Amino acid sequence: MVIPELNTFSVISVDFGEEIDDFTADIYMDIGAAHSEGGETFHLEVTSPKRLERILKDHPDEVEIGRGLFIAVDYNIHVIERQVERLIKACKRSTWTEVSQALSCYFYDEKAI
């Protein structure tokens with residue numbers, strides 16, 4: 001059984017609007033198999049409901065797709081990282097290929113970045 005683990009968790013950028021509940025953040029993660037070197041880079045965007053609403057109103061002909069998108073009312077990096085850890089733990093599989101496919105349900109993998 002291949003057990004994935006979070007090797008690095010990096011907030012690349014954070015953008016706050018005029019109010020504290022209007023934000024978006026880009027996060028990159030290196031995730032690899034436990035007790036081994038290497039891994040893959042994954043990406044996610046965390047956005048507030050207010051920012052998501054603004055994006056949708058600014059681009060009414062577009063649709064936001066949920067893969068790689070976390071929606072949070074409060075920008076609390078510890079809560080976000082804890083949720084990422086829970087999702088990663090749920091992705092253990094028989095092979096790394098299967099793990100990577102499972103992780104790709106939640107995050108953009110390095111091929112899609």
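A single member of 45, 37 is touching a Leu at 6+ places or on another chain (Cβ under 9 Å) and under 18 Å from residue 110 (Cβ atoms), and it is 45.
Within region 64-73, the set of residues being within 11 Å of residue 46 (Cα to Cα) and out of contact with any strand residue (DSSP E or B) (no Cβ under 9 Å at 6 or more places or on another chain) comprises 66, 73. The set of residues in region 91-101 that are assigned to a helix (DSSP H, G or I), in contact (Cβ under 8 Å) with a residue 12 or more places away in the chain and out of contact with any Pro (no Cβ under 7 Å at 6 or more places or on another chain) comprises 96, 98, 100. For residue 44, the conditions (1) touching a residue at least 60 places away in the same chain (Cβ under 8 Å); (2) out of contact with any Gly (no Cβ under 8 Å at 6 or more places or on another chain) are fulfilled apart from (2).
Every read-out reported here was derived from the displayed coordinates using simple, explicitly stated rules and does not represent laboratory data. Source: prediction; values computed, not measured. Methodologically, a virtual Cβ is constructed for each residue, glycine included, from the backbone with ideal geometry; neighbour enumeration extends over all protein chains shown.
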